[in-house]
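Only the coordinates and a few stated rules stand behind these numbers; no lab work does. Predicted model only: the values in this text are computed from it and were never measured. Every residue, glycine among them, receives a Cβ derived from its backbone with ideal geometry; neighbour counts consider all protein chains shown.
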Amino acid sequence: MGSLGGRGKAVRTNPRQHILDTWRAFARVAIDNGEWAWGGRAGSNSISDAEQLLCLLYPATEVPGFRLHRPDAIHDDVLTVLKPLGDGLDIPMRILEALEQYLDRHTGEQGPVFAAGSAVQAQDPAEEATAEQQAFDLTDSYSVSITLCLSAKGFLREFQRTVERPNVRDRIDAVLSRLEDRLTAAMIGLLRSFVVDVLDPDSDAEHRLMRTVGQGRVVGRTLIQDLRTRLQPVRDKLPELTFGLPPENERVLRDYPERFFECGWTWGVAHDAPNIDLPAAAEVPQPRGAAEARPSLHFTVGALNGLADLFSLRTSRQGLLTSGQQPLREALSLRWGLASQYWSTIASFGSGTWPVEDVPWENSAGQSSAYFSALVLSIMGTEQPLPAGSAQRCVGVLAELAQRGLVNRRAEPDNRAIALHHPGVALPLGGMEQHGPPLVLVHTGYAATLAKTALLFASRTAGRRDRARLIETADAAVDHLLLRRHQATGLWDDPGNAFPGIQPAPAVPDWSMSEHAVEVFVAAATLASAPPQADQGQIDQAESKLAEAWHILDQERLNTPTAGGAQEQKLLREVQQALTRAASLAPTRPATAAALVDRALRDLDELAFARQAATGSA
């Protein structure tokens with residue numbers, strides 16, 4: 001991995017090579033005796049199976065150099081690493097077969113299934129989740145299904161244009177129809193798992209909120225009023241949530257405007273969530289929920305990640321949503337905005353130290369973790385525009401999170417921070433205890449979250465110094481992820497490679513960690529393919545040089561006869577072309593523009609010097 005020195009900095013990671021390496025390992029593992037091999041370390045479930053497919057489909061639809069829909073246009077290095085899937089004609093068909101199998105595995109008699117299954121576990125290792133508990137839907141399943149369905153639809157539509165056989169075209173049409181149904185059901189599920197929790201006065205949750213925003217200050221009338229004022233834009237939009245919330249919730253919000261609240265996504269359909277009454281939902285099963293109506297940072301960020309794909313420019317350009325899905329999209333867009341604005345407001349409250357700078361973040365349930373701090377930062381990165389001063393402040397927080405999480409530090413065997421990665425952060429699923437033992441979902445993707453958040457801020461930061469520090473954090477997190485590849489499979493996860501005292505992991509891929517790593521590589525590729533960041537000083541300097549060069553060119557045109565030497569006229573035309581090119585690049589690539597102008601100025605000076613020498617000689 002190489003880098004640019006000085007105050008500017010480029011991503012050191014080579015995302016193309018990392019994706020190729022991952023695909024090579026994926027192809028060896030995904031096909032077993034000619035058949036698609038489902039199930040990873042957590043077993044087969046609606047989340048893990050979708051993540052397995054996205055390890056292949058997400059880069060194929062997000063990074064131009066990895067397109068797979070046209071057999072005759074697949075790059076040679078891609079064909080080489082995917083050889084176990086077949087040749088260029090076989091690969092799209094393999095993907096079609098895998099999508100058919102996925103939909104068969106996770107569709108029931110009533111419609112699409114988003115059951116938690118083996119993704120959840122009992123909080124007490126001596127107990128086991130009940131079948132009833134495993135049958136409840138998870139928000140993560142809704143979110144990953146949105147990403148999968150959109151990626152698959154985009155891929156299949158492009159592939160279908162290259163297909164001539166009627167039976168294959170019919171199979172594609174059937175899968176596209178089933179993907180539409182699953183996408184609609186996932187969008188409805190996200191609407192029913194969005195919650196607004198109105199905090200009771202003097203409750204533990206309210207005290208924790210006040211402690212978070214207070215940052216050591218006395219929680220008095222002024223601070224409380226300031227917070228209410230900052231949150232008022234969010235509260236003003238809450239009445240627009242005309243469905244998805246229980247009537248009692250709406251009444252409390254209306255009758256007690258002085259109460260504080262939280263909003264975001266809980267782990268599944270809320271226990272009191274009403275059915276969605278929209279035409280698109282008429283034929284979609286809406287199972288009862290069990291989740292407590294308290295937002296979770298993990299599931300909120302998971303939902304936002306899926307919705308980012310739903311609201312993406314690619315989704316709009318390719319027309320991947322039906323007319324019936326548009327009202328669902330608009331409703332989810334409102335909830336996206338409310339959640340992003342709420343958590344960004346809380347995280348950046350106050351004129352002194354921001355709450356997000358006080359690591360680790362403590363949630364309203366009293367659980368604190370550096371992982372929650374990383375999640376809050378990732379939500380701030382989705383705000384349009386970024387909160388004022390957030391880039392400069394978040395640079396330091398991300399660097400601290402990398403150190404606290406041992407992402408760029410050597411770990412001693414008894415260091416408690418290892419638990420962020422192994423066994424991971426246990427996220428309680430409040431409400432499940434009504435149907436069996438208390439359950440948790442364990443998340444091990446701390447380093448991937450850190451890398452994606454750093455890359456997100458780097459893509460939106462113009463300051464060279466801040467951008468360089470963000471990229472350094474992302475590079476360290478990528479190095480950490482690469483270290484954790486399982487040597488036997490080439491996939492993830494083997495934390496024992498990075499941390500002492502951890503037993504070697506079984507040679508079965510953890511599809512969740514593998515897909516998180518792929519997301520990081522895709523984010524790095526997106527950053528690398530974006531126009532270089534330029535500050536106004538660079539632009540002004542390039543435009544100043546350009547103005548001087550145009551003026552000198554005009555002078556030389558006056559002094560050089562049109563019937564003069566062919567060489568001089570050719571040089572002047574080349575200079576004009578270079579300056580025209582530089583003018584188009586100056587707003588986005590000022591350093592390149594300046595280099596072109598410098599060369600043009602040298603050519604013009606050589607022409608003037610040669611004429612002066614000739615005149616003196618005469």
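In order along the stretch 333-342, the Karplus-derived 3J(HN,Hα) couplings, from 6.51 cos²θ - 1.76 cosθ + 1.60 at θ = phi - 60°, round to 4, 4, 5, 4, x, 5, 5, 4, 5, 4 Hz, and Gly and Pro are given as x. Here is how the number arises for the chain: DSSP H runs of 4 or more residues each give -39500 (n - 2.57), the sum is divided by the residue count, and the result at 222 nm is -18000 deg cm²/dmol. Annotation: amide H-H contacts under 5 Å for W361 (H modelled 1.01 Å from N, sequence separation of 5 or more, or interchain): S369, F372, S373. Each Cα pair under 8 Å and six or more residues apart adds its sequence gap; the mean of these over the residue count of the chain is a relative contact order of 15 percent. The stretch 171-210 and the stretch 274-320 have their alpha-carbon centroids 5 Å apart. Put in line by how crowded their Cβ is, counting other Cβ atoms within 10 Å and starting with the fewest, L190, L313 read L313, L190.
With a ≥ b ≥ c taken as the square roots of the eigenvalues of the C-alpha gyration tensor of the stretch 268-335, please select rounded if a/c is under 1.5 and otherwise prolate if a/b is larger than b/c or oblate if it is not? Here the stretch 268-335 falls in the oblate category.
The HN-Hα couplings worked out from phi for the stretch 589-601 by the Karplus form 6.51 cos²θ - 1.76 cosθ + 1.60 (θ = phi - 60°) are 10, x, 5, 5, 4, 4, 5, 5, 5, 4, 5, 5, 5 Hz, whole numbers, x standing for Gly and Pro. A simple charge model with +1 on the Cβ of Lys and Arg, -1 on the Cβ of Asp and Glu and nothing else charged puts the dipole of the chain at about 1840 debye relative to its Cα centre.
Among residues other than H516 whose Cβ falls under 14 Å from its Cβ, what is the net charge (Lys/Arg +1, Asp/Glu -1)? Around H516, the charge tally is -2. Taking other C-beta atoms within 10 Å as the exposure proxy, Y446, Y256, Y58 rank Y256, Y58, Y446 from fewest upward.
Within the chain, the longest run free of exposed loop sites, counting trypsin sites (Lys or Arg not before Pro) that sit outside DSSP helix and strand states (H, G, I, E, B) and have at most 14 other Cβ atoms within 10 Å, spans 411-618. Summing Cβ point charges (Lys, Arg +1; Asp, Glu -1) relative to the Cα centre of the stretch 538-617 gives a dipole of roughly 220 debye.
Each residue of the stretch 201-214 is assigned a 3J(HN,Hα), and the resulting list reads x, 6, 7, 4, 5, 5, 4, 5, 4, 5, 5, 5, 7, x Hz, derived from the Karplus form 6.51 cos²θ - 1.76 cosθ + 1.60 (θ = phi - 60°), x at Gly and Pro. For the chain, the Cα-based Rg and Dmax, in that order, read 27.8, 103 Å.
When only Cα pairs below 8 angstrom with a gap of at least 6 residues are kept, the stretch 68-193 shows a relative contact order of 27 percent. Put simply, the amide H of T107, placed in the peptide plane, has neighbours under 5 Å in V113, leaving out anything fewer than 5 places away on its chain. The stretch 369-438 and the stretch 500-533 have their alpha-carbon centroids 16 Å apart. Could you work out the longest stretch of the chain that avoids the GluC sites (Glu not before Pro) located in DSSP loops with at most 11 other Cβ atoms within 10 Å? Answer from the scan: 284-618. When C55, C149 are sorted by how many other C-beta atoms sit within 10 angstrom of their C-beta, beginning with the fewest, the order is C55, C149.
Measuring nothing but how far apart in sequence close Cα pairs (under 8 Å, 6+ apart) lie, relative to its length, the stretch 538-617 scores a relative contact order of 40 percent.
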